[in-house]
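Single-structure report; data block below.
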Amino acid sequence: MKKNIAYMAKTRQRGRTLLELMISISIGLVVIGAVFVVYLGTTASSRQSSANNRISEDAAIAMAILGNNLRMAGYSPPRALFSPGSALVDGVKAVVPDRHYVGPAIRGCDFGFSSAANVAFDLITCNPSSSPGPAAFVVRYEGHSFNTIPISGNPSDCLTNGITANTVSTYDATSYKLVESRFSVDTSASNGTPELYCAGSGGAAPFTRQPLMQFVENMAISYGIAEDNLGGNVVRYVSQTQLDAITPGTTDSLWARVVSVKLCLVLRSETRDQNGGGNYIDCAGNSVASPNGFIRRSFTSVFALRNRADFSSTF
């Protein structure tokens, strides 16, 4: 009888130990599962934060590149320390040139260039609204060693290609270096990602575009115009399509009215987000769902053009 009682006690003791082990394992699995869920959430948040930080850093670099070029658009120091003379010609105020370059500082396209990459500035054409795409623009200004990166003593374009070609001055018989840089957004044929491109007037093969920044997906531009091509105050912002439709006026005189540029860029993340990318505010100010699972953000800045700065120089 005593042996049976002892045996039963041992049996009950073993049962309790197994039960306790099972409970401990269950509790452990619950704790591990909770820790794993927290880890996944923390990792996802960390990836989102890292992606947003990179987008912001890339946007700052892209805006700096484009902003520097837009601020220089139309730059050409006055050759004399007096205001240029003027006269009315067919009811239009004509100004006697007082600097090397007096042409349009900028031209743009709402939906990208339709003309060939190396076409002359005056022959640039735009895609119609029926072929929507990212905007594109081109800037021109007088280049020097102090407003570009000098290459072998010559000014350079947006790709740091030295400009060796001379342009005849409108002011006198001398020549100078005219910088022309064309910016656009397109999908790379090599890696399939959206990129910001530039084609410049320097180098051995002018206007051969090269990528500047990866993951720039869209670019939208509106132009702050003055009342005429001599005024310096913005009266309204218009698109390229609206500007070209203003009458009367030639293409050059209309684009000479541009005083400032409102630039919007949309950048996306390098990889897809496991939560689907969420919503973002696009360049039109609308909250839209980010497609394809990528995180997207838009960035907007306004840049004044120096061609309307009304400065004087001792050059």
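Simple rule: put +1 on each Lys or Arg Cβ and -1 on each Asp or Glu Cβ in the stretch 110-262, find the dipole, and look at T251, I151, S181; the Cα lying farthest toward the positive end is I151. Extension gain, D252-A34: 0.36 nm per intervening residue step, less the Cα-Cα distance, totals 71.8 nm. Maximal additional length on extending the A189-S130 stretch stands at 18.9 nm, based on 0.36 nm per residue less the C-alpha distance.
Here is the size of the stretch 183-277 from its Cα atoms: Rg then Dmax, 17.6, 54 Å.
Taking every protein chain into account, the 1.4 Å probe leaves V259 with about 10 Å² of accessible area, to the nearest ten.
Computed from the C-beta positions of S56 and V302, the FRET efficiency with R₀ = 22 Å rounds to 0.75. Rounded to whole numbers, the Karplus 3J(HN,Hα) couplings from phi for the stretch 135-144 are 5, 8, 8, 10, 10, 9, 6, 6, x, 9 Hz, using 6.51 cos²θ - 1.76 cosθ + 1.60 with θ = phi - 60°, and x at Gly and Pro. What FRET efficiency would be calculated for the residue pair V288, D122, taking the C-beta separation as r and a Förster radius of 25 Å, to the nearest 0.05? In this case the efficiency is close to 0.10.
Across the stretch 292-304, computed HN-Hα scalar couplings (Karplus, 6.51 cos²θ - 1.76 cosθ + 1.60, θ = phi - 60°) run 6, x, 8, 7, 10, 9, 10, 9, 10, 9, 10, 10, 8 Hz from first to last residue, x flagging Gly and Pro.
The values are calculated or read from the model by the stated rules, or taken from the named source; none is laboratory data. None of the values given here were measured: they were computed from a predicted structure. Using ideal geometry, Cβ is built from the backbone for each residue, glycine included, and neighbour counts are taken over all protein chains shown. We work out accessible area using only protein heavy atoms, side chains counted, and drop any ligands, DNA or RNA first. Shrake-Rupley method; radii C 1.70, N 1.55, O 1.52, S 1.80 Å.
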